[in-house]
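Asker: One structure, as structure tokens, below. Some questions next.
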There are 4 protein chains.
Amino acid sequence: MSSFQTQDADFERRVRESFSRQHVMSMIGASLRRVEPGAIDIALPFRDELTQQNGYIHAGILTTVADSACGYAAYTLMPAGSGVLSVEFKVNLLRPAVGELFVAEARVVKAGATLTVTRCDVYGWAAEEAKLVATMLATMIRR
Amino acid sequence: MSSFQTQDADFERRVRESFSRQHVMSMIGASLRRVEPGAIDIALPFRDELTQQNGYIHAGILTTVADSACGYAAYTLMPAGSGVLSVEFKVNLLRPAVGELFVAEARVVKAGATLTVTRCDVYGWAAEEAKLVATMLATMIRR
Amino acid sequence: MSSFQTQDADFERRVRESFSRQHVMSMIGASLRRVEPGAIDIALPFRDELTQQNGYIHAGILTTVADSACGYAAYTLMPAGSGVLSVEFKVNLLRPAVGELFVAEARVVKAGATLTVTRCDVYGWAAEEAKLVATMLATMIRR
Amino acid sequence: MSSFQTQDADFERRVRESFSRQHVMSMIGASLRRVEPGAIDIALPFRDELTQQNGYIHAGILTTVADSACGYAAYTLMPAGSGVLSVEFKVNLLRPAVGELFVAEARVVKAGATLTVTRCDVYGWAAEEAKLVATMLATMIRR
């Protein structure tokens, strides 16, 4: 999680444009919060329609924002003209996803020419306090 | 993936009742297709609002149905009065999630008193043909 | 886990030659048992020096044979002149690794031009009976 | 990765005693370097007999030290009388495992009554410089 050099000065516009084409992001109410070289934060306010049987945000929805955050974190470091796809990810659910707001914070661990490995911590915010609710380790591929 | 004995004759009602409380399932349009001891299938018709930047179903949405399928597959084998939560899962995305219908087929690999390990294959159906688009390996906990 | 076509008629010689260069395989006493297109089995007899604190085979040693089995299963389907490296793997430990002999059975799930996804089940054999002790889901890359 | 409180003042003796019973650690030449609440480092000098086909340390051997480091990191926070077992782990191989010495640095992410989640970064040291060669995300269970 060192500092990263971009290969494309226009990376932020590229990320925002691709994010706006992810229809699922607007459906669940997620938005980009941070777009920096090797680092993406995505925010997701609590909504009752995103819940599982106990009223917590469903693990798959946390995964949806974490996966997009990891993908775009990798994408910030790719050359112009690239596309990005998820190869695989693993998620540990650490606490019930309780809170008013969830923030997925993805950081690149290792950027390669073809594959990029990223981590993402997802925090649940309640009463001004953040708790780590999930963590992802993911592999992304440049296309 | 052998045959499994239930500990609760009423497992199907229990699964269907819990599934109906997962608000996210109705939001994305997913429905239960198979409810058997150690085996759950969940169907998800294609919807444009579930897509990522290339028009494929978002990996996180495939994960959402696969995670619920794994959780309920584990749940079929738990005693009455149990709850189930995801500990962790890993997903490999094998092909672009193209198709008219997606079916997540979860099967229990090993059921324990506390932890249950499950697999889930997600197929995309187009023109009467199914292709494997993702596979999950997950750990569930009884609560 | 369908049937696979090789791109190189000489795949078996290539796998055996590479396996013989994995010094760790001879150190732990592992040997190739099956070499078929998309399928590799590796056998590992119990040895006390491979154990963890309870006298079971260490999870990392099961992983060592499962990873080689997955890598070579992927390698059987690659063109002549290729190399293979592990991108990542996830392992669930299902039962204590008790037995006289362990067999890692790897099968290709999806073979791609660059990445190949494989599964591996590891069985522990005791008194003529096999029990599933671990399962791996892995991504391999052609080099 | 915050600071952790132990429940057993004698945790270090307990970790060292258990480590000494892991026969595989002495077979591969690994040793404990750091034993602190929620944090374990294990060192492994390069040995030719631990290599895969290209002369790098085999991914399964890196996993062996990372898994023990994660298990003992979790174990430092468990009450006296506990045992610890691996539930599952996922490893990303980031660079060829080249170097004179490898150090697996495990840190607890979330300690629970039953399950503990840990991360482990494995560094390869060559000419006084460390490079991250692998990273693990693991779940441990108290027994």
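Each reported figure results from applying straightforward, stated rules to the coordinates on display, with no laboratory input. Being a predicted model, the structure only gives us computed values, none of them experimental. All Cβ positions, even for glycine, are placed from backbone atoms using ideal geometry, and neighbour counts span all protein chains on display.
Asker: Would you call A:F4 among the aromatic types (F, W, Y), over 30 Å from D:I141 (Cβ atoms) and part of a helix (DSSP H, G or I)?
Answerer: Taking the combined requirement at face value, the residue does not satisfy it.
Asker: Any residue in region C:62-71 that is farther than 11 Å from C:F102 by Cβ, in contact with a Leu (Cβ under 9 Å, 6 or more places away or on another chain), without any contact (Cβ under 8 Å) to a residue 12 or more places away in the chain and not charged (D, E, K, R)?
Answerer: No - not one qualifying residue is present in region C:62-71.
Asker: Could you list all residues from region A:120-131 that are surrounded by fewer than 18 Cβ atoms within 10 Å (Cβ to Cβ) and within 11 Å of chain D (Cβ to nearest Cβ)?
Answerer: The one that is surrounded by fewer than 18 Cβ atoms within 10 Å (Cβ to Cβ) and within 11 Å of chain D (Cβ to nearest Cβ): A:K131.
Asker: I need the full set of residues from region D:1-49 which are among the polar types (S, T, N, Q) and in contact (Cβ under 8 Å) with a residue 12 or more places away in the chain, in order please.
Answerer: Here is the first cut: in region D:1-49, the residues among the polar types (S, T, N, Q) are D:2-3, D:5-7, D:18, D:20, D:22, D:26, D:31.
Those that are among the polar types (S, T, N, Q) and in contact (Cβ under 8 Å) with a residue 12 or more places away in the chain: D:S3, D:Q5, D:T6, D:Q7, D:S18, D:Q22, D:S31.
Asker: Let me ask something additional. Does region B:109-116 include one or more residues that are farther than 27 Å from C:K131 by Cβ, within 13 Å of chain C (Cβ to nearest Cβ) and either in contact with a Phe, Trp or Tyr (Cβ under 8 Å, 6 or more places away or on another chain) or in contact (Cβ under 8 Å) with a residue 12 or more places away in the chain (or both)?
Answerer: Applying the first criterion (farther than 27 Å from C:K131 by Cβ) to region B:109-116 yields none.
No: zero hits.
Asker: For region B:21-70, which residues satisfy the criterion of being facing chain A (nearest Cβ under 10 Å) and of a type in the set (D, E)?
Answerer: B:D48, B:E49, B:D67
Asker: Output the number of residues of region C:26-44 satisfying the condition of being surrounded by 21 or more Cβ atoms within 10 Å (Cβ to Cβ) and either part of a loop (DSSP other than H, G, I, E, B) or aromatic (F, W, Y) (or both).
Answerer: Of the residues in that region, 2 qualify.
Asker: Within region C:108-127, track down each residue that is of a type outside the set (S, T, N, Q) and more than 22 Å from C:H58 (Cα to Cα). Show your work before the answer.
Answerer: Keep residues of region C:108-127 that are of a type outside the set (S, T, N, Q), which gives C:108-113, C:115, C:117, C:119-127.
Result: C:V108, C:V109, C:K110, C:A111, C:G112, C:A113, C:L115, C:V117.
Asker: Let me ask something else. Let me spell it out: the conditions are (1) buried (at least 24 other Cβ atoms within 10 Å of the Cβ); (2) outside any helix (DSSP H, G or I), and C:T63 meets all of them except one. Which number is the exception?
Answerer: (2)
Asker: What is the one condition in (1) more than 10 Å from chain D (Cβ to nearest Cβ); (2) within 30 Å of B:M140 (Cα to Cα); (3) assigned to a helix (DSSP H, G or I) that C:E12 does not satisfy?
Answerer: With respect to (1) more than 10 Å from chain D (Cβ to nearest Cβ); (2) within 30 Å of B:M140 (Cα to Cα); (3) assigned to a helix (DSSP H, G or I), C:E12 is out only on (2).
Asker: Moving on to the next point. Quick check on my filter: what residues within region C:71-100 are at the interface with chain D (Cβ under 10 Å from one of its Cβ atoms) and charged (D, E, K, R)?
Answerer: C:E88, C:K90
Asker: Determine which member of the set A:A130, A:A126, A:A80 is within 25 Å of A:T6 (Cβ to Cβ) and in contact (Cβ under 8 Å) with a residue 24 or more places away in the chain.
Answerer: So the residue among A:A130, A:A126, A:A80 that is within 25 Å of A:T6 (Cβ to Cβ) and in contact (Cβ under 8 Å) with a residue 24 or more places away in the chain is A:A80.
Asker: Return only the number of the condition from (1) outside any loop (DSSP other than H, G, I, E, B); (2) touching a strand residue (DSSP E or B) at 6+ places or on another chain (Cβ under 6 Å) that C:E49 does not satisfy.
Answerer: Evaluating C:E49 over (1) outside any loop (DSSP other than H, G, I, E, B); (2) touching a strand residue (DSSP E or B) at 6+ places or on another chain (Cβ under 6 Å) leaves (2) as the failure.
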